[in-house]
Amino acid sequence: MSAAVEQAQQEAEQQAEELRREAAEQKAAAAASLEEARNKWQEHVATAKIRFQERKAEHDVKRAEHNAEDAEDYASFAIDYAASAILEAESASLEALLARAEAEALASR
């Protein structure tokens, strides 16, 4: 009976060793799978950050272009306004000269 017990113990130890080996293999496979998932997630996050920066840069370029157009429009308006003011000043000067000439003409009669 001692031989049967010993054989049963050896078989149990072999099975236990087999289970430990399978568990270690499964643990290694799970760790590799987790590492792969982690790497894919990090790649996804990096890609998302790059896309965000690209879109932000595009938005910044569009905003800068819009700001430049606004500034050019304002400059054009200011030039037109100044030109108008110069014409108005010339007209006012001519009217003043005419008024002075009339006043002098009336005064000399």
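The values are calculated or read from the model by the stated rules, or taken from the named source; none is laboratory data. This is a predicted model, so every value here is computed, not measured. So basically every Cβ, Gly included, is an ideal-geometry build from the backbone, and we count neighbours across all protein chains shown. Heavy atoms of the whole protein, side chains included, go into the accessibility calculation; ligands, DNA and RNA do not. Shrake-Rupley method; radii C 1.70, N 1.55, O 1.52, S 1.80 Å.
Hydrodynamic radius of the chain by the Kirkwood approach over all distinct alpha-carbon pairs: 23.9 Å. Can you give the FRET efficiency to the nearest 0.05 for Glu54 and Leu87, using r as the Cβ-Cβ distance and R₀ = 35 Å? About 0.10, to the nearest 0.05.
Arg51 sits among other residues whose Cβ lies under 13 Å from its own Cβ, and their net charge, with Lys and Arg +1 and Asp and Glu -1, is 0. Per-residue SASA remark: Glu18, around 70 Å² accessible (1.4 Å probe; ligands, DNA and RNA not included).
The dipole here belongs to the chain: it is taken about the Cα centre, uses +1 on the Cβ of Lys and Arg and -1 on the Cβ of Asp and Glu, and is about 180 debye. Averaged per residue, the chain has 92 square angstrom of accessible surface, using a 1.4 angstrom probe with ligands and nucleic acids left out.
Modelled label positions at His44 and Ser2, each set 7 Å beyond Cα in the direction of Cβ, lie 6.3 nm from each other. Relative to the longest principal axis of the Cα atoms of the chain, the long axis of helix 2-107 makes an angle of roughly 0 degrees.
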